[in-house]
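Everything on this sheet refers to the single structure shown next.
Laboratory data are not the source of any read-out in this text; all were calculated from the coordinates shown. The structure presented is a predicted model; accordingly, all values stated were derived computationally and were not measured. All Cβ positions, even for glycine, are placed from backbone atoms using ideal geometry, and neighbour counts span all protein chains on display.
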Amino acid sequence: MPEPSVPPIRVLIVDDQAVIRIGYTTILGAQPGIEVVGEAGDGRAAVDLTARLRPDVVVMDVRMPVLDGIAATRLLAGPGVARPPRVLVVTTFNLDRQVYEALRAGASGFLLKDAGPSQLVEAVRTVASGESLLAPAVTQALLGRFAERVLPTTTGDPRLAALTPREREVLVAIADGLSNAEIADRLVISHETVKTYVSRILLKLDLRDRVQAVVYAYRSGLVPPGR
């Protein structure tokens, strides 16, 4: 009996520059298992097209007319949104504040605009699989620049009490930008054990992915600004 075919990853490209949309469409459309289902030139059009086309991944620019990428991301993947797509923010590195806000809004990761074609393809496949895309080195650079401006909640978050001491250690390591392998080395545990801890943390804190865990660690006050 033949194996059932795997449906392609449906992608919506959102950027106010037509040349970039064409470039992304050409790159992604040539890949097996990826289908570009539409393009949008602003955030409002992206929200409307997502409701109609139901893409798996939205490749989202930040600075756009009508509705910017951060506001559009919040509408597409923010708290309480049913059946959210995975949002991959593509931006320039000097927009670190906008990137941080996009991650808080529900983005699953971000990619720099000068990334090569293979990195774009891999990023789309990564977020489509349910993983987050926030490279450890980029995490450290981004939060290192911005962490002192992140104000933790004044009352703390009672959800932290649900975490065991070891789970807190893992969450701090995630916020430090460590990969699962690096966390395993730091805590002297197996890679599979780290994956189990990460899954438990996301479940207990009602977080979608690793990206949200990084933001939560700072917002909850578990990781102090400027760490």
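Computed quantities for the displayed model
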item	result
Cα gyration tensor shape of the range 152-219, rounded if a/c is under 1.5, else prolate or oblate by comparing a/b with b/c	prolate
Distant-in-sequence amide H partners of ALA40 (H built 1.01 Å from N, under 5 Å)	ILE13, VAL14, ASP15
Length released on extending from ARG52 to ARG168, taking residue separation times 0.36 nm less the Cα-Cα span	37.7 nm
Low-density loop cleavage sites - chymotrypsin sites (Phe, Trp or Tyr not before Pro) in the range 18-121, where at most 15 other Cβ are within 10 Å (DSSP)	PHE93
Gyration tensor (alpha-carbon) shape descriptor, the range 1-79, a/c threshold 1.5	oblate
Cα shape, the range 9-133, gyration tensor, a/c 1.5 rule	rounded
Stretch gain in nm, segment GLN17-HIS191, where the contour uses 0.36 nm per residue and the Cα spacing is subtracted	58.5 nm
